[in-house]
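Presented below is the structure to which this report refers.
The values are calculated or read from the model by the stated rules, or taken from the named source; none is laboratory data. Being a predicted model, the structure only gives us computed values, none of them experimental. Glycine also receives a Cβ, built like all others from the backbone with ideal geometry; neighbour counts cover every protein chain displayed. Ligands, DNA and RNA are stripped out before the accessible areas are found, and what is left, the full protein with its side chains, is counted by its heavy atoms. Shrake-Rupley method; radii C 1.70, N 1.55, O 1.52, S 1.80 Å.
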Amino acid sequence: MQFNYRKSLIRVKENILDVLFPPRCPICEKILKVNNNQVCKECRKEIRYIQEPACKKCGKMLLCEEQEYCYDCNKQEHIFIRGLSLWIYDKNIKKSLYRFKYNNKQEYAKIYANEIMMHHGRQMKGWNVDAIIPIPLHKSKLRSRGFNQAEILAKELSKLLVIPCYNNYVMRSKKTLPQKSLNDKQRKNNLKNAFKIGVNDVKLNKVILIDDIYTTGITVDSVTEVLNYAGVNEVYVITVGIGEGL
């Protein structure tokens, strides 16, 4: 009874905040209707949602149904079980995620999470995971940015899936260079020994890793390796944006 009362108070608080600070579409930034936590109708026509055929490993959209895996996944074996993403990482999604990370648009996370649940909720629930884990930031980057975008998104998905979110289960122990400026070999070397288990006083068997963008999969593989070593048997991946498959 007390739990339901607290949930009602939280819902009332969120409704009041929506009236005072109405949510905006994370793509075009236009004000949305109260209680509307989805991308606006106009932007839905502009952005590209991930659809089948898609790579059975990372989730990138493929050119033809005969393909099972994208070029990258055929070239490189990944150790996570399966990845799913919401949108093709085009100019609109790039701008949205940039504002999310660097312009402190943390409110976008709720809309991203709702969109992910609408399109991939059934599959995510079918994985029967024990927890959600965000890809961690190094403490220096966390200080400069003020928050971890993957953690904010992970918390929103945790609420919707009713699954615990463990923010400190994995930590980034080494300050690394930005991955986007490196080739595949350099990316692997850059992330070598970059992650470690932080708080592991709970036994996890299956988890979902959360990040904003999926590119080559090297980052999630590096985290998956650490999780596997800690006894996690199955690691799945959810991201907002992903590149196109070939």
Original post:
Which residue out of D221, D201 is acidic (D, E) and free of Cβ contacts under 8 Å to residues at least 60 places away in the same chain?
Top reply: D201
Subject >> Candidate set: the range 44-58, residues that are closer than 16 Å to M118 by Cα and either basic (K, R) or open to solvent by less than 100 Å² (accessible area, probe 1.4 Å) (or both); chosen: the one modelled with the lowest pLDDT >> reply: R44
**OP:** State yes or no: is N35 modelled with pLDDT under 90 and closer than 16 Å to K110 by Cβ?
**Re:** yes
Subject >> Options I88, I135, I111: the member that is of a type in the set (V, I, T) and closer than 25 Å to N233 by Cβ >> reply: I135
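Considering only helices (runs of 4 or more DSSP H) fully contained in the range 66-182, which possess at least 3 residues that are under 18 Å from the mean Cα position of the chain (by Cα) and buried (at least 20 other Cβ atoms within 10 Å of the Cβ)?
Where helices (runs of 4 or more DSSP H) fall fully within the range 66-182 and carry at least 3 residues being under 18 Å from the mean Cα position of the chain (by Cα) and buried (at least 20 other Cβ atoms within 10 Å of the Cβ), they are 91-102, 108-126, 149-161.
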**OP:** Please work out which residue is modelled with the lowest pLDDT, limiting yourself to the range 180-234 and to residues that are within 20 Å of C73 (Cα to Cα) and of a type in the set (D, E).
**Re:** D184
